[in-house]
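What follows is a single structure, written as structure tokens, with notes after it.
The values are calculated or read from the model by the stated rules, or taken from the named source; none is laboratory data. Note that the coordinates shown come from a computational prediction; the quantities given were computed from them, not determined experimentally. Methodologically, a virtual Cβ is constructed for each residue, glycine included, from the backbone with ideal geometry; neighbour enumeration extends over all protein chains shown. Ligands, DNA and RNA are stripped out before the accessible areas are found, and what is left, the full protein with its side chains, is counted by its heavy atoms. Shrake-Rupley method; radii C 1.70, N 1.55, O 1.52, S 1.80 Å.
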Amino acid sequence: MVRLAVKRLVFGALILWAVSVVVFLATAALPGDTAQAILGREATPERLAALRLELHLDDPLVSQYFSWLGGLLTFDPGRSLVNGLPVAEFVGPRIVNSLVLMLTAAVVSTPLAMFLGTWSAVRRDRAADHVTAVVTLVLAALPEFVVGITLVIVFATGPLRLLPAVYVGTGQVTFVDLVLPALTLVLAVGPYIVRMMRATMIEVLESEYVQQARLKGLPERTVLLRHAVPNAVGPVAQVVALQLAWLAGGVVVVEFLFRYPGIGYALVDAVNNRDLPVVQALALLIAALYIVVNLLADLVSLVANPRVRTAIR
Amino acid sequence: MTTPERTEVLTGVRVRGLTVAGVPSGAPIVDSVDLDVRPGEILGLVGESGSGKTTLGLALLAYYKRGTQLAGGSVAINGVDLAGAAVRRMRGDAVAYIPQSPASALNPALRIRTQLGECGGDDARVREVLREVALPDTDVFLRRYPHQLSGGQQQRVAIAMAFLGRPDLIVLDEPTTGLDVTTQKHVLETVRKMCATYSCAAVYITHDMAVVAELTDRIAVMYSGRVVETGPARTVLRSPQHPYTARLLMAVPDLDGRREIRGIPGHAPSPVRRPAGCAFAPRCPLVVDRCRDEVPALEDGVRCFRAGVSRFEVVERVEVPVVSADAALEVRGLSAWYGSHQVLEDISLSVPRGQCVALLGESGSGKTTLARAIAGLHPRHGGEVVLGGESLPPSGLRRTPLQRRRIQYVFQNPYESLNPRKTVRELVLAPARVLLGKVPDGLVEDALSQAALSPELASRYPDQLSGGERQRVAIARALAAQPEVLVCDEVTSALDVSVQAAIVELIAGLRERKGLTLLFVTHDIALVRTVAQHVAVLEHGRIVERGPVAEVLAAPEHPYTQALMADTPRFDTSRFSQ
Ligand SMILES: Nc1ncnc2c1ncn2[C@@H]1O[C@H](COP(=O)(O)OP(=O)(O)OP(=O)(O)O)[C@@H](O)[C@H]1O
Ligand code: SF4
Ligand SMILES: [Mg+2]
């Protein structure tokens, strides 16, 4: 198992490196001149040239890439071109904010969705199951900004003015700021998990070992919790991981919608301002998050499968 | 029907009028079943696939699968009705179930200790029962997961699980399916011993008459959801009163080769299509008008208006001396691999023209690989396949149409080998079109009639056919290409005994009448006697014994063949002929 985990880890690192190349090339290929973008239209050619020299913009791409990569590896991805702050310092608190948002969404949505899926499977073909099926299907089909805007209308700008429509603070987030963005993310990732959990549980509940557990006279609770659910977790972990990994990207739209001070919002801002070091660092960070979550999911499904677990010893 | 003797039965199991219906069709899958099983007694519940055995077995634990529900009747164990709130308490405690396939009935995610522990009883009791079923009672064993056990061990764990709570009734649903005969023998011995030790009533579900004959005290024969005959095992087997029982017994292959087998024409109806009146009427040789209007009642253990008229008749089997003939098909030094794993080692085999060679071996011994290599379906092999003196390329793709035409292959599972989107006519025509070039008139009708199928079937789709009919279509498809050699890979293993017998009769007839050369792959040693002139025994990818069937079976030399002969349950005809 350790060997397998190490293999996945090395593989993840390789992917991350490949992503870094792509991110670097993509940002370098962005149209327009960075120096011009920073200094504005009235800049004199001398000042532009001086800035280019300072930012190494005229160096060959390869050497630019390696100095950037070296910076990343020493946790010094450069300075923001816009406000001059070191990228790490600028991005740090935003990472925390985003992680708080994503973790809240994950911690709320995963158990809730798995519970709903199980419940729906147990009540298969009854009214509750049909309602769950329709609601999850509709939610899965709606883009998250539609869900977000609907939530804003209902809870913030409509008759119930319970929560702020957008973030208006200065970097610190409180619980109230978190509710609507987190809820939007929960509604975006939850339905897939519910549907997958339901389908897997139905299969497991039809299995012979569940039938056998019932024929042993075990209480239905034990049958469900000890015999059925553990066998459904493995396959569902994959879908949960995909959804959580999606969060890393999905957070961009949602943060932008709520002006939530996280990496997503910062990324959109940085792209608008052509703040290349920030864009590059954030894009890579999101990719890293994606890879880590997938890695964790693989580990969970490995651990959930006794065949794999025992083969390792 | 309350005879004084029956009302006295308070100990043991008492089933009255038990009816289980399909949902939403409402058609009874199990119809008004009455059974009595005394403590320590083993009742054999036999019948063809789909006759409702499993449904009845589960109903004895008040369990109804999705799509089925209780529609009447009662089950009482030692005088206590198995119903309502009592059900959960009684399951495991008063009544236990041993499933058909322990591999899928043991929870893959839980250790053996957990699964045994939840059946009631403390650690000492768990270990005691493990010893009783001849399994290790060590911590190491208890810590294992099901996938770390062999098939036989898994089945013993299932048996241990059932006996842990010292039940009064135990239901065993084909508990030896998929096990090799030696393991089956041990499992059967364990079952018998455990039932005696705990003086537990047992219902043993099976379609294998030989197992019933060896194991059980009483028999109930099911046909289309109804018990059609019941009584002491010896009596029912010696002088069956119901025409279905009699015909069923005649379909059982005889390992000792004294009797021919005879199939039952037609197939059992599904619960929704069950005819009014006696369900067996469409297949019954004794049918009279009354049978079609009225359901016969179970009287003196038989459900038939003409009980006792039909008898078990022994069709004496005449041993035909094997004449020598030149080899139609020869295999020389054949070895085969899957990846780097070698499954066949230096196989040499010769099939005389117009005769049948049986390739006998248990699952995993490599028999299908050999058959496929011969047919050109497994190109990764070394050695030579020689057809009529001509060496064939390993891959079927490299063989000429003529070479391919001369060897045809019939697959194990007729439910998978026929394309469900094509009609029977298209299915039969397809290979002939490719291999014959010009298709002669009436080819389909001719092939169908050779396979004993009505030409009307030509316009049907496979899902409108029964399993036996599908296998006949597969045979007709092979025959349409006008082959010299027919390779039959376990062609009857997915079929019922009565249908199996009919297919075997058909294949044997084709050989006799048309001079077809046959390679008959099977795991069932009893069938070898009936079909083949020569046998080759395959174990772990090597041929360990070969020769004329009569000689090999009379005096097997290799320990593996000896074990097969010794452990296969006998259905001894001398006990039944009067
Ligand atoms: N859940 C179900 N819903 C509807 N019909 C069913 C259901 N289960 C079984 N049947 C039908 O009931 C009949 C009896 O099925 P059952 O499984 O009891 O047969 P069986 O005798 O055990 O067969 P086998 O030997 O193949 O195990 C079959 O015709 C089958 O198609
Ligand atoms: S009742 Fe009639 S059809 Fe049914 S088995 Fe008896 S004789 Fe045959
Ligand atoms: Mg069954």
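Brief remarks follow.
- Lysines whose Cα lies under 20 Å from that of B:LYS438, excluding same-chain neighbours fewer than 8 positions away: none
- Close amide-amide hydrogen proximity is noted between B:VAL228 and B:VAL221, B:MET222, B:TYR223, each under 5 Å apart and 5 or more residues distant or on a separate chain (H modeled in the peptide plane; Pro and chain starts excluded).
- Listed peptides B:172-178, B:15-21, B:294-300 by packing density, highest first (mean Cβ within 10 Å): B:172-178, B:15-21, B:294-300
- Test item: B:88-99 mean partner chain Cβ contacts at 10 Å: 3
- Using Cβ point charges alone (K and R +1, D and E -1), the dipole size of the protein assembly as shown about the Cα centre works out to roughly 600 debye.
- Pairwise burial B:A, computed as accessible area of each alone minus the pair, summed, 1.4 Å, Å²: 2300
- Of the accessible area of the protein assembly as shown, computed with a 1.4 Å probe over protein heavy atoms only, carbon and sulfur atoms account for 58 percent.
- Expressed to the nearest 5 percent, the antiparallel share of DSSP beta bridges inside the protein assembly as shown is 55 percent.
- Helix B:497-514 and the longest principal axis of the C-alpha atoms of chain B enclose an angle of approximately 20°.
- Farthest toward positive dipole pole in the range B:327-567 [+1 Lys/Arg, -1 Asp/Glu at C-beta], among B:VAL552, B:VAL331, B:LEU359: B:VAL331
- With contacts taken as Cα pairs under 8 Å and at least 6 residues apart, chain B reaches a relative contact order of 14 percent.
- Remark: the range A:210-217, residue by residue, has Karplus-estimated 3J(HN,Hα) of 6, 4, 5, 4, 5, 5, 6, x Hz, where x stands for each Gly or Pro and the curve is 6.51 cos²θ - 1.76 cosθ + 1.60 at θ = phi - 60°.
- Note, ³J(HN,Hα) from phi for the range A:169-181, Karplus 6.51, -1.76, 1.60, rounded to Hz, x at Gly and Pro: x, 10, x, 7, 9, 10, 4, 4, 5, 7, 4, 5, x
- Farthest toward positive dipole pole in the range B:46-181 [+1 Lys/Arg, -1 Asp/Glu at C-beta], among B:VAL129, B:ALA71, B:SER49: B:ALA71
- Helix B:151-164 and the longest principal axis of the C-alpha atoms of chain B enclose an angle of approximately 10°.
- Of the peptides B:479-485, B:94-100, B:553-559, the order by per-residue mean of other Cβ atoms within 10 Å, starting with the highest, comes out as B:94-100, B:479-485, B:553-559.
- For chain A, accessible area per residue (1.4 Å probe, heavy atoms of protein chains only), Å²: 53
- Highest-first arrangement of A:89-102, B:319-332, where packing means the average Cβ count within 10 Å: A:89-102, B:319-332
- Here B:LYS367 is the anchor, and the aspartates and glutamates within straight C-alpha reach of less than 13 Å, apart from those fewer than 8 places off in the same chain, are B:GLU345, B:ASP489, B:GLU490, B:ASP524, B:GLU539.
- A straight line joining the Cα centroids of the range B:436-489 and the range B:208-249 runs 34 Å.
- Per residue value of the accessible surface for the range B:327-567 (all protein chains in place, 1.4 Å probe), Å²: 40
- Electrostatic tally near B:GLY383: other residues with Cβ closer than 9 Å to its Cβ, Lys and Arg +1, Asp and Glu -1, net -1.
- Pairs of alpha carbons in the protein assembly as shown separated by more than 57 Å make up 29% of all such pairs.
- For B:GLY72, distant residues with modelled amide H under 5 Å away: B:THR19
- Legend: mean number of C-beta atoms from other chains within 10 angstrom of residue C-beta atoms, peptide B:107-120, equals 5.
- At least 30 Å² of accessible area lost relative to the chain alone, listed for the range A:293-307 with a 1.4 Å probe: A:PRO306, A:ARG307
- Considering helices alone, the calculated mean residue ellipticity of chain A at 222 nm is -25000 deg cm²/dmol, with DSSP H runs of length four and up weighted by -39500 (n - 2.57) and normalised per residue.
- Inter-chain shielding of B:521-529 (mean C-beta neighbours from other protein chains, 10 Å cut-off): 0
- Over chain A, relative contact order from alpha-carbon pairs under 8 Å, at least 6 apart, %: 26
- In straight-distance terms, cross-link reach from B:LYS65 covers every one of the lysines whose alpha-carbon lies under 17 Å from its own, apart from those fewer than eight places away in the same chain; here that gives A:LYS216, B:LYS53.
- The distance linking the range B:535-552 with the range A:82-140 is 63 Å (Cα centroid to Cα centroid, whole angstrom).
- Cα-based helix-to-principal-axis angle, B:424-436 vs chain B, degrees rounded to 10: 30
- A:TYR167 sits among other residues whose Cβ lies under 15 Å from its own Cβ, and their net charge, with Lys and Arg +1 and Asp and Glu -1, is -1.
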